[in-house]
Each structure stands twice: as structure tokens, then as C-alpha cells.
Amino acid sequence: YGWAFAAEMAAVIALQYGGLGWDDAQMLTLCAALRAAHAGGGLRKLETLRLFNNQMGDGAAAALAALLEEGAMPKLKVLNLSDNQIGDDGVIALAKAITPDESGKGGLAQLTGLYLHKNQIGDAGVTALAKAITESGRGALANLTMLGLGGNKIGDPGCTALAEAVDSGALANLNALS
């Protein structure tokens, strides 16, 4: 089974675990499996990860962010975490993960779609995301064409931070912000 798992994860292009109602415990189990796949050389071709419509909270979002920060999914183009329970702490962890380190490890340089609709994200989370985008100086989310944040708890401070990130030119390819 280990060999088959490694072979499949080395070739996988898309993973979808949406609409399963998974909570943090189940999502943490998934993150552990993804970590094992990454350790075995897998996930290098993964372009789409859909975890929408579950019960993922900040703990699981932080575990996923840690994987992204380690460079586990370097070709990831679409990350859909919509309709979960992710709050500011989870988005702050994701914001940290989008910026590659000095060696180029981590980050989401290939990401074209980031979907965070219908979560529990407020001003602190969006502000951290906007700050990571504008201050990275290394093209964090430079290829992003779609950013979905609708249905969250974002007020004027978060909107202002996001507008400043867009105005900075750091999201030059952004076509849709919802």
C-alpha cells in the first residue's frame, strides 16, 4: 500500500475533498497524509486542491499552511477553502505561507485562484493577507487572477488593506475579487 500511495501521490494533479463535512480532526488526518506524500516525493505535480464545504477551522488551516510553507505543493494553481470555519488565525497562517523564504522554498508563486468565500475571516486575517502580498517583494501571489473573500466578516479596515494591496500593483494579474 505504501508503494501504491507514493506512486499515486507523485502523479496526482488534482485532489478534491469538498462537501464531506470534515472537521479539524479529519482535516488534520488529511494533512498528515499529505505530509507523508510530500516526504515521499509526492505532490510535486499537484495543481488543484479543493477542500470546500467542510468544517475546517484554524488548526487545520494552519497545518495546511505549514505544508505550503515547506514547499509541498510548488505547482498549486487553485486552492479552494470556501465554506469552512476558517477565521483570522487560519488566514494569518496562510498569509505567512504564501511568501517564499530566501531560498525560494515555500510560497504559492503559481497560484491563480484562492477561494476563501463563506468562512469566518475578519479584518485581521485579510489585513495579514494583504500585507503578505504587498511586502513580500518576491512575487507572492503574482499570478493570482481570482481572489474570493465574499461571505466573511470583513469590515472597512480589511477592505482598505485589500484595496491598498491591489493599488500597490502586487496583484497585477487579478481579474476578479469577490
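The values are calculated or read from the model by the stated rules, or taken from the named source; none is laboratory data. Every value quoted in this text rests on a predicted model; they were computed, and no experiment measured them. With ideal geometry, Cβ positions are generated from the backbone for all residues, glycine too; neighbour counts draw on all protein chains shown. Ligands, DNA and RNA are excluded from the accessible area calculation, which covers all protein heavy atoms including side chains. Shrake-Rupley method; radii C 1.70, N 1.55, O 1.52, S 1.80 Å.
For the chain, modelled as a GNM with alpha-carbon contacts under 10 angstrom, which of Ala97, Ala109, Ala32 fluctuates the most?
Ala32
Net charge within 15 Å of Thr145 by Cβ-Cβ distance, Lys/Arg positive one each and Asp/Glu negative one each, not counting Thr145 itself? Mind showing how you got there, number by number?
Values: positive: Lys77; negative: Glu47.
With Lys, Arg at +1 and Asp, Glu at -1, the neighbours total 0.
For the chain, which whole-number percentage of the solvent-accessible area (1.4 Å probe, protein heavy atoms only) is attributable to carbon and sulfur atoms? Mind dumping the intermediate values first?
Details: 4340 of 8130 Å².
For the chain, the apolar C and S fraction of the accessible surface comes to 53 percent.
May I ask you to list the residues of segment 142-167 whose amide nitrogen lies under 20 Å from a point 7 Å from Cα along the Cα→beta-carbon direction of Ser178?
Under 20 Å, as judged by backbone N against the label point of Ser178, lie 143-155, 159, 162-163, 166 of segment 142-167.
Counting residues in the chain as N, plug N into 2.2 N^0.38 Å and put the Cα Rg over that result.
Details: Rg = 15.3 Å, N = 178, 2.2 N^0.38 = 15.8 Å.
Compactness ratio reported: 0.97.
To the nearest 10 degrees, how steep is helix 58-69 against the longest Cα principal axis of the chain, on a 0 to 90 scale?
Tilt of helix 58-69: around 80 degrees.
Run the numbers for Tyr1 and Leu20: contour at 0.36 nm per residue of separation, minus the present Cα-Cα distance, in nm.
On the way: separation 19, 0.36 × 19 = 6.84 nm, distance 2.39 nm.
Computed gain between Tyr1 and Leu20 is 4.4 nm.
Loop only by DSSP, 16 or fewer other Cβ within 10 Å of the Cβ. Give me the trypsin sites (Lys or Arg not before Pro) in segment 31-72 that pass, ordered by residue number.
Values: sites: Arg35, Arg44, Lys45, Arg50; in loops: Arg44, Lys45.
Answer in residue order: Arg44, Lys45.
How much accessible area per residue does the chain have, counting only protein heavy atoms and a probe of 1.4 Å, in square angstrom? Please list the in-between numbers first.
Numbers: 8130 Å² over 178 residues.
With all protein chains present, the chain gives 46 Å² per residue.
By per-residue mean of other Cβ atoms within 10 Å, what is the highest-first order of 79-91, 164-176?
Values: 79-91: 23.2, 164-176: 14.4.
So the peptides 79-91, 164-176, ranked by packing, come out 79-91, 164-176.
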